[in-house]
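As structure tokens, the structure follows; a few thoughts come after it.
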Amino acid sequence: MRELQGKVAFVSAGVSGLGLGIAKALAHAGVRLALSYRNSAHRDAAAEWFAATGHPAPLMIQLDVQDRSAFAAAAIQLERHFGKVHLLVNNAGVSVFGPTDT
């Protein structure tokens, strides 16, 4: 994982569940992070973990991945903040069976 040190990753839905687990592993590897979220309570809990463990605070981007224009705006925000993005973790999903709350 040394080759990831200092790289930039974007993890969609990265503030809870599997996405947060991936974000934590990347943080431990020294990756600078941007995490998307829909639920502000999950965002706040994730931010608390980063602060408590001494990892740099990730760039938090509110995003519904079903909204294509919002996704494009998130990409622009991410690029402006970090410059280059090295890793994309497409963790967010859309339910085909009905609404899901996150």
Selected residue (criterion: modelled with the lowest pLDDT) from residues of the stretch 22-38 that are open to solvent by 40 Å² or more (accessible area, probe 1.4 Å) and out of contact with any Pro (no Cβ under 7 Å at 6 or more places or on another chain): 38
Those residues of the stretch 5-21 which are open to solvent by less than 50 Å² (accessible area, probe 1.4 Å) and either at pLDDT below 95 or part of a loop (DSSP other than H, G, I, E, B) (or both), in sequence order: 6, 12, 13, 14, 15, 16
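The values are calculated or read from the model by the stated rules, or taken from the named source; none is laboratory data. The model shown is predicted, which means the values in this text are computed figures rather than measured ones. No Cβ is skipped: glycine too gets one built from the backbone with ideal geometry, and neighbour counts run over all protein chains shown. Heads up: the accessible areas ignore ligands, DNA and RNA and are worked out on the full protein's heavy atoms, side chains in. Shrake-Rupley method; radii C 1.70, N 1.55, O 1.52, S 1.80 Å.
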